[in-house]
Amino acid sequence: MKKQLFTAVLLGAMIVNTAFVHADLIDDMGLDSEASRLVREQTYKPRGVQQPPAQHSSAEGLPPLPLPVVPLRRTEKKNPPRPPVLIAKLANDDRNDWAISPEDADKLLKFLSKNMKVDFSTMELHENNIPEDASQIPVLYRSGVKAFSFSDTQRQRLRNYLLNGGTLILNAYCGHPDFARSALQEMQKLIPERPPYRLAGDHPLYRSCYDIKDIRYRPLAHKTGAKNGIPSEIGIDINTRTAVFFFRYDLSTAWDGLSSDAMHIIGYEPDTAQQIGANLMAYVTAERSAGVPLSQALLFQDADQGRSGKLSVAQAQYQGLWQARDNSLPMLLNVFHQQTKTPVQFAQNAIELSSSRIYEHPLVYLTGTQAFELSEAECTNLRSYLQRGGTLFIEAACGRQSFNDAIRRNLAAILPGTDLAPLPENHLIFQYPHRLSRVRPRPALAQLLDVSGTMKPVLMGANVNGRLAVIYSPYDLSSGWALAAAPYDYGIVQEDALALGVNVLSYALMQ
């Protein structure tokens with residue numbers, strides 16, 4: 001079933017805790033281990049055809065015209081149209097670095113063609129020609145063994161490419177530590193406001209096509225600290241879309257068919273590498289349309305800068321992925337204002353949970369996609385805020401289990417002895433201003449819950465001093481607020497997500 005869904009997504013698309021990347025992660029990834037030293041001492045030479053990198057323009061990613069400019073004779077064989085480009089392999093002038101495994105991306109796409117019946121092509125693209133428009137080249141792929149650094153110009157173009165919906169894949173060939181170390185450094189420079197983090201097992205990378213429950217590494221990878229079943233990938237999210245993937249453990253040798261008994265490879269076992277590659281391409285193509293949601297084209301500004309008489313919402317800022325979707329909250333506030341005529345403040349109020357400034361707002365909105373831990377100071381301050389009449393609205397931006405587990409764990413520290421409980425169907429929060437007895441799930445949630453059509457709305461709550469002080473949606477609402485496609489999110493469709501959000505804001509004001 002998932003392979004069928006994957007094929008449909010691809011054809012329509014061309015159209016374990018969070019750990020932030022600090023210096024200590026270098027040691028966690030075994031970059032200075034004995035196994036890494038052995039790989040560093042290997043001599044690598046390009047294999048296959050030794051040709052200079054082809055210079056392509058982004059327009060060459062489109063299928064050619066149906067007929068050539070010069071008509072062929074009837075006896076001449078016509079070449080089939082070139083499949084659309086999915087992956088551009090980033091090249092530089094050192095073929096002893098990026099071109100060691102020249103056919104890895106091509107063979108991955110052949111694997112997809114054979115197993116998923118979809119056809120795409122690859123190209124080589126010099127890193128000086130990085131496009132800023134991702135519409136014709138969805139994926140940039142950089143693999144190598146040497147330390148590298150993008151120039152300021154390349155980095156800026158690459159940043160724009162990512163912000164415009166593109167995806168960057170970084171792969172340490174054979175798990176080479178020099179490449180891995182510089183890849184981590186470059187990631188932190190590309191989008192500094194979006195910190196790299198370790199992907200959790202509930203990320204679509206492990207479930208979009210194949211359900212990879214048993215991640216397996218080659219023997220040498222185990223000597224650097226890799227453990228079967230434990231994810232090791234590092235990502236950077238833009239909104240909730242992972243736009244940069246870094247693979248410290250090599251994929252390319254398995255894609256290229258290098259023997260599984262090669263002992264100098266710090267990487268994945270071949271079957272795992274192929275499945276991760278298929279999942280990666282499924283995720284990228286499905287998320288392309290979600291790369292730049294409509295909400296990003298809209299700008300909400302306050303006619304006056306005052307806050308008096310307006311509903312002002314504080315967005316919780318914590319050590320983690322606290323800013324899931326840009327502009328989703330202003331979109332909800334705008335609909336709330338239109339439907340209830342309540343004055344609102346659109347200006348973002350991102351406030352650290354340990355700050356006394358949260359007391360200036362009747363409602364704190366907390367969202368995220370990954371596991372996180374609140375400090376003792378944050379828990380203490382938030383507990384006091386709730387006891388003094390404030391309301392906490394929590395929303396799982398992707399509906400992932402890792403975020404749900406973190407919410408329950410942190411809430412136990414904030415309000416000891418208090419449990420989240422489902423709000424009853426007749427609760428006022430489902431009655432005003434919209435009567436919500438049924439809502440429509442997105443396809444991923446419908447498949448997860450095995451429901452068709454509609455489902456009952458789900459909100460959880462916790463009381464403080466007899467008052468509903470914590471409201472929690474375990475399923476994604478913000479993708480609906482932001483008018484985002486979000487194909488892998490466990491959430492509610494746009495219209496119902498907005499209605500539920502408006503009801504939550506209305507209820508919080510009435511308390």
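The values are calculated or read from the model by the stated rules, or taken from the named source; none is laboratory data. Predicted model, so just to flag it, every value in this text is computed and none were measured. A quick note on method: Cβ atoms are made from the backbone with ideal geometry, for glycine too, and the neighbour counts reach across all protein chains shown. Heads up: the accessible areas ignore ligands, DNA and RNA and are worked out on the full protein's heavy atoms, side chains in. Shrake-Rupley method; radii C 1.70, N 1.55, O 1.52, S 1.80 Å.
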- line: Of 188-200, 481-493, ordering from highest average Cβ density within 10 Å down gives 481-493, 188-200
field: List S101, S33, ordered by accessible area with a 1.4 Å probe, largest first
entry: S33, S101
message: Rounded, prolate or oblate, given the Cα gyration tensor of segment 309-364, with a/c below 1.5 counting as rounded?
response: oblate
message: Per residue, how much accessible surface does segment 413-490 expose to a 1.4 Å probe? Answer in Å², no decimals.
response: 46
message: Probe radius 1.4 Å, ligands and nucleic acids ignored: give me the carbon and sulfur share of the accessible area of segment 93-157 as a rounded percent.
response: 41
query: Can you list, bin by bin at 10 Å, the percent of alpha carbon pairs in segment 330-414, starting at 0?
result: 16, 43, 33, 8
- line: In the structure shown, of K189/K213; K89/K114; K310/K456, the pairs separated by more than 27 angstrom at the C-alpha atoms are K189/K213; K310/K456
- prompt: Taking only the alpha carbons of segment 153-275, what extent do you get along each of the three principal axes, in Å, biggest first?
  reply: 40, 30, 25
field: Solvent exposure of segment 131-269 as accessible area per residue, Å², 1.4 Å probe
entry: 30
